[in-house]
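Before any comments, here is the structure.
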Amino acid sequence: MDVAPVAIRRAACCLAVAALGCAGDDAASERTVVVAFNAEMQAFNPLVNTDLNTSEVINYMLFTPLIQYDSAFEPRPYLASHWDLDSTGVTFHLHRNVRWHDGAPVTAHDVAFTFERAKNPETASVLASVFLDRVSAATVIDSFTVRFEFTGPHARPLDGFWWPPVPRHILEDVPPPELVRADFNRRPVGSGPFLFVDWEPGVSVTLERVPDFPESLGGPANLDRVLFRFVAEPTTLLSETLTGAIDVNGSVFPHQAAELERASGVRLLHWPSREYYYIGWNVRDPTFADPRVRRALTMALDRRELIDALLFEYAVPATGAIAPWHPMHADISPLPHDPAAAAAALDAAGWRDRDGDGVRENEVGTPFRFTLMTNHENPVRTDIAQVAQAALARVGVQADVRTMEWQTLLARHRARDFDAVVQSWVLDNFRVDPFSLFHSSQAERAGSYNRSGLQDPRVDRAMEAALAAEDEETARRAWREFSLALQQAQPFTFLMWLDELAAVSDRLDGVEMDARGTLVGVARWRKR
Amino acid sequence: MTAYIGRRLLHAIPLTLGILTLVFVLVQLAPGDPAALYIQPNVAPEVIEQMRENWGLDQPIHIQYFQWMKSFVTGDFGYSLAQHRPVTAILADRIPNTLILSGTALLIIFALGIALGIIQAVRQHSALDNVLTFGSLFIYSMPSFWLALMLILIFSSKLHTVGWWPDWLTFPPSGITSSVGYESLGFWGKLADRLHHLVLPSIALGVSSAAAVARYMRSSMLEVIRQDYIRTARAKGLPERAVILKHALKNALLPIITLFGLYLPFLLSGAVLVETVFAWPGMGKTIVDAIYARDYPVVMATSFLFAVMVVVGNLIADVLYAVIDPRIRYD
């Protein structure tokens, strides 16, 4: 039973007793699950949406992607019942009994239409660059069979197909540049286990279960209704969670974990996320040009201490850019926390304290001093910057911390106008493709993500080999070599992979969450 | 008077246009752009460029300015880049919410402030006066967002766990209505639910200003009741109640009316924090989100409305002056 609504109804009764009496019963609240996040949804259209929570709703509730992932991050059939895979392409055979929520069948034409819209540059769709950069064409073979051609062989080609089709019969009249503002995005017609009911802007989104959702895709959901609420302030959200007005709080911060663990009626879930924190060094800057220096800066930091003190142990130390839970992750030993070795390496690189002021200088007397930027909206990042500042001071390196607003930071980072920056990176899918981050061809390309400007032939070679590998074993070996090469190059000081946390009411059973997302199992949640 | 109001409204036109131009320039000067909202791993730079082009952000700045001014003057506020819907639709959603919240807060500020001020002036130097003085200074020195968090902590989190505390005196910490079950309530039930949700935000927004108004009211009242005409009123045997509420109050209110005009912008900016804390979907939260997202059309439209509200608020204050003080003439 929901506690807050009852309290409110009692209040309502006090005022309403003479007029109408209290008509509301608890039936609605028994069947509805309230899930809260700290930010609003963006667009329920996989072609134009770029928000991660929204994309979970798209993939797990409203729409039906061609494939889904199992808990080991291996692709499993979903909209596609099976597929024929060869080195030049893949043919998907779709289930014939999946319907759009307006009744029309989901067909290969919808899949091909979605592919074409995504590939059309005028759409400015992120699907194209996120998933489809290695897919060149789509052909409809019959109404429920579609074939995609690859630009070349690669080890995990199915990773490019974790996206759902959109209904062609509704969206084909919308010109591609207008898709971003189509009414559809706020009133979608989907094909998944939940259908769209209502979006009250800034307040809530309501979805309802589809009673005849096909058994071949897991059957109908257990819950009748899911109501998403948006509450920006963490303390307010925590308060709503503790009083039981919210069933699932999907935006729990590490510092709130202890209070939630003490509370009754609520349990805390945590799982490895897709986000890591790093300190990015500007490799173009002569100060950071030498990889020995960058490794020394990493060794000066105690990542364990950062995790324990700032994230309450809800993180693991990072060794590189491939998530620890990913099948392609290589278990390499991290650079140690070793201030003595860091000092020795800085000595060897020519940075010595020549004038006895506690700060190292190079041969021409320039002190080892730089600005470490971060944004102030995220207190953990500011704290990381300050802890790093103290640790670096102990090895004779002076970091001046400068915090700024997020967009300002981003603009300077993008323009390569920085010395060093505390930032985080979030994976939006399960492909391993660090090309845009670390390949030398991206180093000086305007707007690209290799903002550190790394140009390292060993990293390039390993990455190219891994991306071109035709089987998983070769790919895994190449990614291992990549991880080792990247660790030596150390364009970033990889700090930690964060855990994600959620608070779940004891009224809910069957709730499992992992790196696939908060909502991965929502169709199997059950309310007591 | 009508001529005066008309003249003031005419003056307001260049003023708001000037404010708008200033806001446009400031927003454009701030680093960052709306497309940054969509930057995430693996989004190719060309995709970002195409987004900017689809939104018309690739146009030169003066072209953007004139296009925007032109559509603005014709009543088209444009299209939100972050929310993907017309700005007018956003404003239609949000303005009533903000008016409800700041209207209630305004009521608390002046009703409570004036009442307390009168009581304190009449009972000057009594224990009650001292307690109220202490209390109002205590509350006045709290920032509204902190007060908001404390109210949530006490009235929705902690008291919730106290067994004997009546349920209807714990208050929901967020939203305008209950998220579940609101639809099944009758009219009075809905109204009660809304009022219940309004309690904490309006107190957080209004109570510290009410404390300030009480201070002003106290001193203004004290000054008035020492004047000769009050002594005359008492001497001719009027009951104390009539002396204070009929003769003294009207004159004592004059400085308070100035405050009305001053508090309006203050309320709107206070609403920015309070709306965020209480997840109240009003204009304040909208403008903050829009600024962070560099959602230019929404920033411009909300700034415009804030400017209009402030201008109108000051006009109302000036008109009220004339109503209350016969010495003031605007001809």
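The values are calculated or read from the model by the stated rules, or taken from the named source; none is laboratory data. Just so we're clear, the structure is a prediction, and the values are computed from it rather than from any experiment. Cβ: placed from backbone, ideal geometry, glycine included. Neighbour counts: every protein chain shown.
General remarks:
- Every test in (1) in contact (Cβ under 8 Å) with a residue 60 or more places away in the chain; (2) in contact with a strand residue (DSSP E or B) (Cβ under 6 Å, 6 or more places away or on another chain); (3) of a type outside the set (Lys, Arg) is passed by A:Thr139 save one, and that test is (1).
- Residue within the range A:449-469 that is over 18 Å from the mean Cα position of the chain (by Cα), within 24 Å of A:Trp162 (Cα to Cα) and part of a loop (DSSP other than H, G, I, E, B) present: yes
- The range A:96-139, residues that are within 14 Å of chain B (Cβ to nearest Cβ), over 15 Å from A:Ala80 (Cβ atoms) and part of a loop (DSSP other than H, G, I, E, B): A:Asn120, A:Ala124, A:Ser125, A:Leu132, A:Asp133, A:Arg134
- Condition met for B:Arg85 (within 13 Å of another protein chain (Cβ to nearest Cβ) and among the basic types (Lys, Arg)): yes
- So B:Thr276, is it in contact with a helix residue (DSSP H, G or I) (Cβ under 8 Å, 6 or more places away or on another chain) and farther than 26 Å from B:Thr133 by Cα: yes
- Helices (runs of 4 or more DSSP H) contained in the range A:289-358 and holding at least 1 residues within 17 Å of A:Gln490 (Cα to Cα), outside the structural domain of A:Tyr69 (by TED's automatic domain parsing) and of a type in the set (S, T, N, Q): A:291-300
- Restricting attention to the range A:299-329, the residues being touching a residue at least 60 places away in the same chain (Cβ under 8 Å) and more than 20 Å from the chain's Cα centre (by Cα) number 8.
Residue-wise test of (1) more than 30 Å from B:Leu147 (Cα to Cα); (2) buried (at least 20 other Cβ atoms within 10 Å of the Cβ); (3) touching a Gly at 6+ places or on another chain (Cβ under 6 Å); (4) away from every other protein chain (no Cβ under 14 Å).
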residue	(1), (2), (3), (4)
A:Pro211	yes, no, no, yes
A:Arg225	yes, no, no, no
A:Pro234	no, no, no, no
A:Gly250	no, yes, no, yes
A:Leu269	yes, no, no, yes
A:Val283	yes, yes, yes, yes
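- The set of residues from the range A:256-288 being aliphatic (A, V, I, L, M) and in a loop (DSSP other than H, G, I, E, B) comprises A:Ala263, A:Val283.
- Boolean, A:Pro379 is at pLDDT below 90, away from chain B (no Cβ under 14 Å) and either out of contact with any helix residue (DSSP H, G or I) (no Cβ under 6 Å at 6 or more places or on another chain) or surrounded by 18 or more Cβ atoms within 10 Å (Cβ to Cβ) (or both): yes
- Considering B:Lys246, B:Lys236, B:Lys285, the condition of being closer than 23 Å to B:Ile119 by Cβ and in the same structural domain as B:Leu222 (by TED's automatic domain parsing) is satisfied by B:Lys246 alone.
- A:Phe230 being within 30 Å of B:Met283 (Cα to Cα) and away from every other protein chain (no Cβ under 14 Å): no
- Verdict on A:Trp163 being within 26 Å of the chain's Cα centre (by Cα), part of a strand (DSSP E or B) and in the same structural domain as A:Leu94 (by TED's automatic domain parsing): no
- Taking the numbered list (1) among the small types (Gly, Ala, Ser); (2) over 27 Å from the mean Cα position of the chain (by Cα); (3) at positive phi in turn, B:Gly175 passes all entries but (2).
- Qualifying residue in the range B:59-76 (condition: at the interface with chain A (Cβ under 7 Å from one of its Cβ atoms) and modelled with pLDDT under 85): no
- Scanning the range B:268-285 for residues that are aliphatic (A, V, I, L, M) and buried (at least 24 other Cβ atoms within 10 Å of the Cβ) yields B:Ala271, B:Val274, B:Val277, B:Ala279, B:Met283.
- A:Met496 part of a strand (DSSP E or B) and either among the aliphatic types (A, V, I, L, M) or buried (at least 18 other Cβ atoms within 10 Å of the Cβ) (or both): yes
This table checks each residue for (1) facing another protein chain (nearest Cβ under 9 Å); (2) modelled with pLDDT of 95 or more; (3) closer than 26 Å to B:Ala44 by Cβ.
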site	(1), (2), (3)
A:Leu392	no, yes, no
A:Val397	no, yes, no
A:Gln407	yes, no, yes
A:Ala411	yes, no, yes
A:Gln423	no, no, yes
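- Qualifying position, being without any contact (Cβ under 8 Å) to a residue 40 or more places away in the chain and touching a helix residue (DSSP H, G or I) at 6+ places or on another chain (Cβ under 9 Å), among B:Ser303, B:Ser269: B:Ser269
- Which numbered condition B:Ser209 misses (of (1) within 14 Å of chain A (Cβ to nearest Cβ); (2) crowded, with 24+ Cβ neighbours inside 10 Å; (3) among the polar types (S, T, N, Q); (4) closer than 28 Å to B:Phe138 by Cβ): (1)
- From A:Ala478, A:Ala420, residue being within 30 Å of A:Leu85 (Cα to Cα) and in the same structural domain as A:Arg284 (by TED's automatic domain parsing): A:Ala478
- Number of positions in the range A:224-252 that are closer than 15 Å to A:Phe196 by Cβ and outside any strand (DSSP E or B): 1
- Meets criteria (within 25 Å of the chain's Cα centre (by Cα), away from chain B (no Cβ under 14 Å) and modelled with pLDDT under 90) for A:Arg156: yes
- Criterion (more than 14 Å from chain A (Cβ to nearest Cβ) and among the charged types (D, E, K, R)) met by exactly one of B:Asp167, B:Asp129: B:Asp129
- Exactly one residue out of A:Ala300, A:Ala323, A:Ala289 is under 28 Å from A:Thr518 (Cα atoms) and among the small types (Gly, Ala, Ser): that is A:Ala323.
- Filtered residues of the range A:323-341 (kept if among the hydrophobic types (A, V, I, L, M, F, W, C) and over 15 Å from A:Leu498 (Cβ atoms)): A:Met328, A:Ala330, A:Ile332, A:Leu335, A:Ala340, A:Ala341
- Per-region count, the range A:180-206, residues in a helix (DSSP H, G or I) and at the interface with chain B (Cβ under 9 Å from one of its Cβ atoms): 4
- Identification of helices (runs of 4 or more DSSP H) wholly contained in the range B:214-331 with 3 or more residues that are aliphatic (A, V, I, L, M) yields B:228-235, B:254-277, B:283-293, B:296-324.
- Filtered by the rule that a residue be at the interface with chain B (Cβ under 9 Å from one of its Cβ atoms) and hydroxyl-bearing (Ser, Thr, Tyr), the range A:425-458 gives A:Ser436, A:Ser448, A:Tyr449.
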